[in-house]
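K.L.:
The structure follows.
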Amino acid sequence: DTAVSQTPKYLVTQMGNDKSIKCEQNLGHDTMYWYKQDSKKFLKIMFSYNNKELIINETVPNRFSPKSPDKAHLNLHINSLELGDSAVYFCASSKKTGATNEKLFFGSGTQLSVL
Amino acid sequence: AQSVTQLGSHVSVSEGALVLLRCNYSSSVPPYLFWYVQYPNQGLQLLLKYTTGATLVKGINGFEAEFKKSETSFHLTKPSAHMSDAAEYFCAVIDSGGSQGNLIFGKGTKLSVKP
């Protein structure tokens, strides 16, 4: 029973395409996140989202948009993919919104390669 | 703004030897500090965290870390390395008034364990 699951695990696509990465958590958590891990292993927050508030990292291009059909899902949609979007994308969740010491639960990542 | 510096992108130790992974932080307010571990092809898992109270924090798998305010450090140690400890380790910081969406990760240290 995977707590935070993302699909697909690997995604290879051409520049200019639009793609989505799905994320689901079965922990009953209130808040979900998307992180990007670049080739140098640097992990950076992209979005945090609960049913009341979306917080966007200002450095994220507007080609990236989170979509949440319900509390357990936060999908990442990317328009007009660019070479620089190649990275590993991690979904995560936490129990409470704004609770600083809450533990993050991560998915196993989606390796996106843009050709 | 907070930041995290991990000294050494790659650390190699022999099995049974001491593990020391260094982390220094910068924060204008009392920080909360975390160590996460990433095993190959997996998401990050929380090893341990410091919020308040005792400055020596014990985590899973025999790891511990000590918060030293005077040195702005939160180094991760384990007395005796095991082959299964080979992974990427990330230090992270968040200010005590912030939310998990503001978690700042270091660039990671890859730990190799030699037989």
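K.L.:
Does A:Lys44 qualify as being open to solvent by 20 Å² or more (accessible area, probe 1.4 Å), touching a Phe, Trp or Tyr at 6+ places or on another chain (Cβ under 8 Å) and more than 16 Å from B:Gln42 (Cα to Cα)? Before the answer, list the steps.
P.N.:
Numbers: open to solvent by 20 Å² or more (accessible area, probe 1.4 Å): yes; touching a Phe, Trp or Tyr at 6+ places or on another chain (Cβ under 8 Å): yes; more than 16 Å from B:Gln42 (Cα to Cα): yes.
Judged against the criteria, A:Lys44 is a match.
K.L.:
Right, another one. Any residue at all in the stretch A:13-27 that's facing chain B (nearest Cβ under 9 Å) and within 12 Å of the chain's Cα centre (by Cα)? Let's see the steps before the verdict.
P.N.:
Taking the stretch A:13-27 first, the residues facing chain B (nearest Cβ under 9 Å) are none.
No: the stretch A:13-27 contains no residue that is facing chain B (nearest Cβ under 9 Å) and within 12 Å of the chain's Cα centre (by Cα).
K.L.:
So the check is Cβ under 6 Å with 6+ separation or different chains; which pairs have a first residue in the stretch A:11-24 that's farther than 15 Å from A:Phe64 by Cα and a second one that's open to solvent by 70 Å² or more (accessible area, probe 1.4 Å) and of a type in the set (A, V, I, L, M)?
P.N.:
Qualifying pairs under 6 Å: A:Gln14/A:Leu115.
K.L.:
May I ask you to list the residues in the stretch B:82-115 that are among the hydroxyl-bearing types (Ser, Thr, Tyr), at pLDDT below 90 and open to solvent by less than 30 Å² (accessible area, probe 1.4 Å)? Lay out the reasoning, then the answer.
P.N.:
Taking the stretch B:82-115 and keeping what is among the hydroxyl-bearing types (Ser, Thr, Tyr), we get B:84, B:89, B:96, B:99, B:109, B:112.
Next, only the ones that are at pLDDT below 90 stay: B:96, B:99.
Listed by number, the list holds a single entry, B:Ser99.
K.L.:
Check the stretch A:47-59 and report whether any residue there is open to solvent by 10 Å² or more (accessible area, probe 1.4 Å) and modelled with pLDDT of 90 or more.
P.N.:
The answer is no, given that none of the residues of the stretch A:47-59 is open to solvent by 10 Å² or more (accessible area, probe 1.4 Å) and modelled with pLDDT of 90 or more.
K.L.:
Here is a list: B:Ser27, B:Ser70. Which entry is over 13 Å from the mean Cα position of the chain (by Cα), surrounded by 18 or more Cβ atoms within 10 Å (Cβ to Cβ) and of a type outside the set (A, V, I, L, M)? Explain how you work it out, then say what you get.
P.N.:
Numbers: B:Ser70 fails: surrounded by 18 or more Cβ atoms within 10 Å (Cβ to Cβ).
Answer to the selection: B:Ser27.
K.L.:
For the stretch B:23-59, name all the residues that are touching a Ser or Thr at 6+ places or on another chain (Cβ under 6 Å) and polar (S, T, N, Q).
P.N.:
B:Asn24, B:Ser26, B:Gln42, listed by residue number.
Per-residue answers, yes or no, for (1) part of a loop (DSSP other than H, G, I, E, B); (2) more than 26 Å from A:Ser108 (Cα to Cα); (3) within 14 Å of chain A (Cβ to nearest Cβ); (4) open to solvent by 80 Å² or more (accessible area, probe 1.4 Å):
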site: B:Leu33; (1), (2), (3), (4): no, no, yes, no
site: B:Tyr36; (1), (2), (3), (4): no, no, yes, no
site: B:Leu47; (1), (2), (3), (4): no, no, yes, no
site: B:Gly53; (1), (2), (3), (4): yes, yes, yes, no
site: B:Glu66; (1), (2), (3), (4): no, yes, no, no
site: B:Thr77; (1), (2), (3), (4): no, no, no, no
site: B:Ser80; (1), (2), (3), (4): yes, yes, no, no
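K.L.:
Out of the stretch A:40-52, which residues are within 11 Å of another protein chain (Cβ to nearest Cβ) and part of a loop (DSSP other than H, G, I, E, B)? Give the derivation first.
P.N.:
Within the stretch A:40-52, the subset within 11 Å of another protein chain (Cβ to nearest Cβ) is A:40-50.
Answer for the stretch A:40-52, where residues must be within 11 Å of another protein chain (Cβ to nearest Cβ) and part of a loop (DSSP other than H, G, I, E, B): A:Lys40, A:Lys41, A:Phe42, A:Asn50.
K.L.:
For A:Tyr35, work out the one condition from (1) within 10 Å of another protein chain (Cβ to nearest Cβ); (2) open to solvent by 60 Å² or more (accessible area, probe 1.4 Å) it doesn't fulfil.
P.N.:
Status for A:Tyr35: all satisfied but (2).
K.L.:
From the list B:Ser26, B:Ser14, pick out the single residue that is among the hydroxyl-bearing types (Ser, Thr, Tyr) and modelled with pLDDT of 95 or more. Working first, answer last.
P.N.:
Working: B:Ser26 fails: modelled with pLDDT of 95 or more.
The conditions single out B:Ser14.
K.L.:
Looking at this structure, is A:Pro8 exposed (fewer than 14 other Cβ atoms within 10 Å of the Cβ), in contact with a helix residue (DSSP H, G or I) (Cβ under 9 Å, 6 or more places away or on another chain) and more than 26 Å from B:Tyr50 (Cβ to Cβ)?
P.N.:
On the way: exposed (fewer than 14 other Cβ atoms within 10 Å of the Cβ): yes; in contact with a helix residue (DSSP H, G or I) (Cβ under 9 Å, 6 or more places away or on another chain): no; more than 26 Å from B:Tyr50 (Cβ to Cβ): yes.
No: the conditions fail for A:Pro8.
K.L.:
In contact with a strand residue (DSSP E or B) (Cβ under 9 Å, 6 or more places away or on another chain) and either among the acidic types (Asp, Glu) or within 11 Å of another protein chain (Cβ to nearest Cβ) (or both): is that true of B:Ile104 in this structure?
P.N.:
Yes; evaluated as a whole, the condition is true for this residue.
K.L.:
Let me ask something else about it. Take the stretch A:69-80 and flag every residue that is part of a loop (DSSP other than H, G, I, E, B) and either crowded, with 16+ Cβ neighbours inside 10 Å or not hydroxyl-bearing (Ser, Thr, Tyr) (or both). Explain how you work it out, then say what you get.
P.N.:
The first filter runs over the stretch A:69-80 and keeps only residues part of a loop (DSSP other than H, G, I, E, B), leaving A:69-72, A:74, A:79-80.
Within the stretch A:69-80, A:Pro69, A:Asp70, A:Lys71, A:Ala72, A:Leu74, A:Asn79 qualify.
The values are calculated or read from the model by the stated rules, or taken from the named source; none is laboratory data. Computed from a predicted model, the values in this text were never measured in an experiment. Ideal geometry is used to build each Cβ from the backbone, glycine not excepted, and the neighbour counts take in all protein chains shown. For the accessible areas, the whole protein counts, side chains as well, though only heavy atoms, and no ligand, DNA or RNA atoms are used. Shrake-Rupley method; radii C 1.70, N 1.55, O 1.52, S 1.80 Å.
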